[in-house]
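Here's the structure, in structure tokens; my notes come after.
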Amino acid sequence: MSRFPGVDFIEFDSLLTEEERMVRETVRAFVDDQVVPVIEEHHEQSTFPMDLIPKMGELGFFGPTIDEYGLPGLNNVAYGLIMQELERGDSGVRSFASVQSGLVMYPIYAFGSQEQKDRWIPKLGSGEAIGCFGLTEPDFGSNPGGMRTTAVKDGDSWVLNGSKQWITNGSLADVAVVWAKTSEGVRGFLVEKGTPGYTTASQHGKFSLRASDTSELGFQDCRIPAENLLPKTTGLKNALMCLNQARYGIAWGGLGAAMDCYVCARDYSLERIQFSGQPIASHQIIQEKLVWMLSEITKGQLLVLQLGRLKDKGKLKHEMVSLGKRNNVWVARESAKLAREVLGANGIVNDYPIMRHMMNIESVFTYEGTHDIHGLIIGNAITGIPAFNAPERPEAEARAPKAPAREEAKV
Ligand SMILES: Cc1cc2nc3c(=O)[nH]c(=O)nc-3n(C[C@H](O)[C@H](O)[C@H](O)COP(=O)(O)OP(=O)(O)OC[C@H]3O[C@@H](n4cnc5c(N)ncnc54)[C@H](O)[C@@H]3O)c2cc1C
């Protein structure tokens, strides 16, 4: 039984099935026992807790919605609850699971050949193999359609040239799902660790997601077998479908970080005595901050639950996922800020998880489509007017490279 009480102000639990509650309790206990005791140290050292990977695999946290290869075949709400609880521990641990499941196992499962699936899904599911997803490049983040990485067919091989940046798990990965331009448009490829011409380098100096590897990938005349093409990828839309999987999990994950901040701030405010001999929780201003967090977390829970139910029915639209990711990561960001205020000076030290969550959320706010890009996606959905490209200015056009077409934006 977990020590973490969670947040259930409106009997949210009654909306979950027994299996969903059981999955959540399993992850919650795992986070208590395995993540919380070590995460501050990993954050400080900027290392990923590698020994957790096989344990997470054994508990079915990777590719949990797949019902082949001995994987759990859970529904999408249970998947979301796994992401919520992992992020309560740390966004870096949740990011690992998101990439492994949504950005590596999903594309191999959905767009891969039978051989690729048979080779990689079991190993990725158990954590025996680690994957990464290379889409972003130094000059192309929100508009990946501008990517410069190329793949050219040469006999029985593809030859890749280019670079990727900000790639989670990049230096740890046994296999990278890499997106590159070909003569037939953007396609996905599997590049294995150790392939000549393929290099990785961890990016240092991060204040955020320190307990997570973020790397650059380099491809210099990197020759891979023709069968490493993901055969069912036919354009950038396939990469965006992967992002949609991961973003759905992030919408749940944000709530986990927010809940940890809220619970920490509430408990602290009940114990911290100032002025009248009363706990600071007795002051209206403190209560208002706690109520804000509770209200937004509660609304966020209902939002992602509905997204999960729609996803299970095959009715989830990408703009709905944008709404969930944008809202719930914002709730986490604001909750971390308020919780930090409630803890006063103690809010800035690593005796409490607040500052770590606050720093982590800055990455989560930006990756998988920034907060503002998701705003534009939702804006497009409700008005029918795409606002991704600034209006054309002939004098600027002469100076700047041409802006990407709307459908190439990270939607
Ligand atoms: C820790 C971390 C891990 C990551 N992991 C991965 C990974 O595993 N794989 C991967 O491929 N990528 C990964 N990324 C990259 C991430 O997806 C990008 O950082 C993100 O898409 C934003 O791109 P950018 O940083 O280049 O910002 P930019 O696209 O340069 O945007 C900068 C700012 O301009 C705004 N902006 C851009 N275009 C518009 C517009 N049309 N209208 C209004 N505002 C606009 C943005 O909202 C943002 O505020 C990761 C990033 C981080 C920080």
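Where does helix 318-342 land angle-wise versus the long Cα axis of the chain, in degrees 0 to 90, nearest 10?
40 degrees
Distance between the C-alpha centers of segment 299-355 and segment 113-161? Whole Å please.
Measuring centre to centre over Cα atoms gives 29 Å.
My understanding is that a pair violates if its Cα-Cα distance is over 22 Å; which of LYS117/LYS232; LYS55/LYS337; LYS181/LYS206; LYS237/LYS315 do that in this structure?
LYS55/LYS337; LYS181/LYS206, as the Cα separations exceed 22 Å there.
Starting from a Cα-only point model with no solvent, please compute log10 I(q)/I(0) by Debye for the chain at q = 0.08 1/Å.
Debye output, listed in q order: -0.43.
Stretch LYS193-ASP51 to full length: gain in nm at 0.36 nm per residue minus the Cα-Cα span?
On the way: separation 142, 0.36 × 142 = 51.12 nm, distance 1.99 nm.
Taking LYS193 through ASP51 to full extension adds about 49.1 nm, to one decimal.
Which Cα, out of MET358, GLN45, GLN245, lies furthest along the positive dipole direction of the chain (beta carbon charges, K/R +1, D/E -1)?
After comparing all options, I get GLN245.
State which stretch of the chain is the longest one without any exposed chymotrypsin sites (Phe, Trp or Tyr not before Pro), exposure meaning a DSSP loop state and at most 16 other Cβ atoms within 10 Å. Don't skip to the end; give the middle numbers.
On the way: sites that count: PHE9, PHE207, PHE275.
That gives 10-206 as the longest site-free run.
So how tilted is helix 354-366 from the main axis of the chain? Cα-based, degrees 0 to 90, rounded to 10.
The angle comes out at about 30 degrees.
Considering only the other residues whose Cβ falls under 13 Å of the Cβ of ASP156, what net charge follows from Lys and Arg at +1 and Asp and Glu at -1? Mind dumping the intermediate values first?
Working: positive: LYS153, ARG223; negative: ASP154, GLU227.
Neighbour charge sum, excluding ASP156 itself: 0.
Divide by every residue of the chain the summed helix terms, -39500 (n - 2.57) for each DSSP H run of at least 4, and state the resulting mean residue ellipticity at 222 nm, rounded to the nearest 500 deg cm²/dmol. Mind showing how you got there, number by number?
Details: 13 runs with 191 residues, N = 411.
That calculation yields -15000 deg cm²/dmol at 222 nm.
Using a 10 Å Cβ count of at most 14 others and DSSP loop calls, identify the longest part of the chain lacking such GluC sites (Glu not before Pro).
Working: sites that count: GLU11, GLU68, GLU128, GLU184, GLU392.
The answer is 185-391.
Could you identify which residue out of ASP221, ASP13, ASP213 has the top mean-square fluctuation in a GNM of the chain using Cα springs shorter than 10 Å?
In the Gaussian network model the winner is ASP13.
Quick one: angle between helix 114-126 and the longest Cα principal axis of the chain, in degrees between 0 and 90, rounded to 10, please.
30 degrees
With charges set only on the Cβ (+1 for Lys and Arg, -1 for Asp and Glu), what does the dipole of segment 214-366 come to about its Cα centre, in debye to the nearest 20?
The calculation lands at about 680 debye.
Rounded to the nearest 20 Debye, what is the dipole magnitude of the chain about its Cα centre when Lys and Arg each give +1 and Asp and Glu each give -1 at the C-beta?
Using Cβ point charges on Lys, Arg, Asp and Glu, the chain gives about 960 debye.
Mind checking the per residue accessible area of the chain for me, 1.4 Å probe, whole number of Å²?
Counting only protein heavy atoms, the per-residue value for the chain is 43 Å².
Among SER157, SER276, SER335, which one shows the biggest mean-square fluctuation in a GNM of the chain, springs joining Cα atoms closer than 10 Å?
With Cα springs under 10 Å in the chain, the top fluctuation among SER157, SER276, SER335 is at SER276.
Within 9 Å, Cβ to Cβ, of MET358, how many net charges do the neighbouring residues add up to if Lys/Arg are +1 and Asp/Glu are -1?
Charge balance in the 9 Å sphere: +3.
Rank LEU290, LEU86, LEU302 by mean-square fluctuation in a GNM of the chain with C-alpha springs under 10 angstrom and give only the top-ranked residue.
Result: LEU302 has the largest fluctuation of those listed.
The values are calculated or read from the model by the stated rules, or taken from the named source; none is laboratory data. Please read these numbers as outputs of a predicted model, since none were measured by experiment. For neighbour counting, all protein chains shown are included, and Cβ atoms are generated from backbone atoms with ideal geometry for every residue, glycine included. Quick note on the areas: whole protein, heavy atoms, side chains included, nothing else; ligands and nucleic acids left out. Shrake-Rupley method; radii C 1.70, N 1.55, O 1.52, S 1.80 Å.
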